[in-house]
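Report on the structure given below.
The values are calculated or read from the model by the stated rules, or taken from the named source; none is laboratory data. Predicted, not measured: the structure shown is a model, and the values here were computed from it. Here the Cβ is made from the backbone with ideal geometry for all residues, glycine too, and neighbour counts use every protein chain on show. Note: areas computed on protein heavy atoms with side chains; ligands, DNA, RNA excluded. Shrake-Rupley method; radii C 1.70, N 1.55, O 1.52, S 1.80 Å.
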Amino acid sequence: MIISYIDTDLDSFNYQQRVDSLNHLCDIFFVEIERDIKIITERNPIIIRDLVTFYEPTMFMIDSIKDFPFSPTQIAELIMFMLKHNCNFQSKVESISFEEKHIISVYPTVFKYFRQSSSQ
């Protein structure tokens, strides 16, 4: 099971582009989007945690960590929660990928990215 987060602030065209991109990725790996992938647009980190606990995914995918409407601390805590629940994390734009063995590097990596993006 894979959970894919798509920001609800996107217009319908961009939203559909992200869904189509996800469909293409699924086709490459022979994954059925209706059965094996849950697309979520939830903006509440507590509910996202509940969804991770409920679906027990092996991967959480997001286009960019900037899509999360949270502070860097909240993002890092959410990623660490996922890792503790055997759910790997993947951010496409930043090329960030975390597995449980990388849990110690979550905070520095997330904060490093936000420092870089705020200085540009």
### Message
Given the condition assigned to a loop (DSSP other than H, G, I, E, B) and either at pLDDT 85 or above or open to solvent by less than 80 Å² (accessible area, probe 1.4 Å) (or both), answer yes or no: does some residue in the range 101-119 qualify?
### Response
no
### Query
Identify, please: which residue in the range 42-66 is among the β-branched types (Val, Ile, Thr) and open to solvent by 40 Å² or more (accessible area, probe 1.4 Å) and is, among those, nearest to ASP20 (Cα to Cα)?
THR58
#### Entry: Boolean, ASN44 is on the phi > 0 side of the Ramachandran plot, modelled with pLDDT of 90 or more and out of contact with any His (no Cβ under 7 Å at 6 or more places or on another chain)
no
### Summary
By residue number, the members of the range 8-41 that are at pLDDT 75 or above and surrounded by 16 or more Cβ atoms within 10 Å (Cβ to Cβ) are ILE37, LYS38, ILE40
